[in-house]
Amino acid sequence: MNNKCIVVGVTGGIAAYKALDVISRLRKLDYEVRVIMTKSACEFVTPLSFQSLSQNIVITDMFDEPKAWEIQHISLAQKADLMLIVPATANIIGKVANGIADDMLSTTIMATQAPVVFASAMNTQMFANPIVQGNIEKLKSFGYRFIEPASGRLACGDVGKGKLEDTEKIAEIVDSMLYEPKDLLNKKVLITAGPTEAPIDPVRCITNHSSGKMGYAIAAEARNRGAEVTLISGATNIYPPLGVKVINVKTNEEMLNSILDLYSQMDIIIKSAAVSDYKVKNYSKEKIKKKEDTLVLELTKDTDILKFIGSKKQNQVLVGFAAESNDLIINAKEKLKHKNLDYVVANDITQIDGGFHSDFNRVTILSKHGESLNLDKMNKKDIAKNLFDFIMKER
């Protein structure tokens, strides 16, 4: 148990059943979860379901006999590290915005000093109603946070904005808010991830096996630690971390230009992308037809982005990656020195149980100050955490 408590308020919307999945995800992240259900919510899902998942007594009535000698709405308000209202209907939003506390949930929201997050879900027209929007803006001005609803087909048959956001994303947002340490607050972090492409003709290109998993894990970790994160990414199949600005690129040139546009603003730059080293000398504007048994392409060296931005480094912390098949540490140390890096993350691409498409890797992190950290096989999320721990230790 991580000793953090999330009080989940479930209100009477058709999406109430989705709160079960949110709670399940939060429990898997090792949070203590306490649940308050409104009377209307009990019409959609039974309290027993929430009790089973949260493994705690569910409160449904402000006037129930307490299980212990305490005033429940006060004790829960004080116990909460965060309150999550899911789904957040127009009714509960309107109540809180106008200071109405007439049931257990609204009373607890009023009494807590913990962050309160509303995951909105309601009919499209109801969500667009200026009264509802006014209430939302009013609550935002007081510091309450909102997870915007998604667009799609609603239970009532309408199509538009109003669906509860994906439960995995809701849990991700909550987890990032409670994550510790927050040692990157007010820092700007730029991360590159995924492969680049060197086009041959309008159909074909030269690329590599990078999946982007490491870079995306680093971006999520930086966001969790409080940074303002920009992720410049080649083509991947990964959904970007929420709260991260994403710039999609294809070529070496596009990635370089995107980096240079932001470079001077950044505090930390982490280049985990696998950038194409060579490009076709003569790009064909038309598709190359199959004529012979062989096709010869002349390649020319493309920009070494890491070396280029290393030569322009001022106060930024610059981190590179060294994916090697031999002489791992020797090659990584050479890259660290000749590309003017502060840190380099070295990994052996020949390992069969880690690397590009795996969720796991083995790496060694080297510092320009001569320190090193060897990380045996672990999840890339844990590698990202260790990387920032290593960097921030020297700041």
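Quick notes on this structure:
- Cut-off under 5 Å, modelled amide H: who pairs with Val116 long-range: Met83, Arg145
- Total formal charge among the other residues, if their Cβ is under 13 angstrom from that of Glu221, Lys/Arg +1 and Asp/Glu -1: +2
- Summary value for the chain: 10 percent relative contact order, contacts being C-alpha pairs under 8 angstrom separated by 6+ residues.
- What the Kirkwood sum gives for the stretch 188-393 is a hydrodynamic radius of 17.6 Å, with every pair of different alpha carbons counted.
- Antiparallel %, DSSP beta bridges [both residues in the chain], to 5: 30
- Estimated inter-spin distance, Asn282 and Leu48, nm [label 7 Å along Cα→Cβ]: 7.7
- In terms of overall dimensions, the chain has a Cα radius of gyration and Dmax of 25.3, 86 angstrom.
- Computed on the stretch 5-178, with alpha-carbon pairs under 8 angstrom and 6+ residues apart, the relative contact order is 23 percent.
- Whole-number percent relative contact order across the stretch 136-244, with pairs defined as alpha carbons under 8 Å at least 6 apart: 24
- Computed extension gain for Lys290 through Asp21, at 0.36 nm per residue and net of the alpha carbon distance, reaches 91.6 nm.
- Most to least packed among 283-296, 111-124, 90-103, 326-339 [average Cβ atoms within 10 Å]: 111-124, 90-103, 326-339, 283-296
- Sequence-distant aspartates and glutamates (8 or more away, or on other chains) whose Cα lies within less than 13 Å of Lys245: Glu228
- Filter on Lys28/Lys393; Lys301/Lys339; Lys161/Lys381; Lys140/Lys393; Lys188/Lys281; Lys18/Lys188 - keep pairs with C-alpha separation over 26 Å: Lys28/Lys393; Lys161/Lys381; Lys140/Lys393; Lys188/Lys281; Lys18/Lys188
- Simple label model, 7 Å out from Cα along Cβ direction - Val159 to His338, nm: 5.7
- With q set to 0.24, 0.27, 0.31 Å⁻¹, the log10 of I(q)/I(0) for the stretch 8-56, from the Debye formula over equal scatterers at the Cα positions, is -0.80, -0.99, -1.24.
- In this simple spin-label approximation, Asp359 and His209 carry label points 7 Å from Cα along the Cα→Cβ vector, and these lie 2.0 nm apart.
- Positive-end residue of Ile6, Leu185, Ser141, charge dipole of the chain with Cβ unit charges: Leu185
- Cα-derived Rg over Rh, computed across the stretch 333-391 with Rh taken as Kirkwood radius: 0.98
- Our analysis of the stretch 5-178 gives Rg over Rh at 0.94, with the two radii drawn from alpha carbon positions and Rh computed by the Kirkwood formula.
- Its Cα gyration tensor gives the stretch 297-395 an equivalent ellipsoid. The semi-axes, each the square root of 5 times an eigenvalue, are 22, 20, 12 Å from largest down.
Each value in this text was obtained by applying a stated rule to the coordinates, not by laboratory testing. All values derive from a computational prediction rather than experimental measurement. Here Cβ is always computed from backbone atoms with ideal geometry, including for glycine, and neighbour counts include all displayed protein chains.
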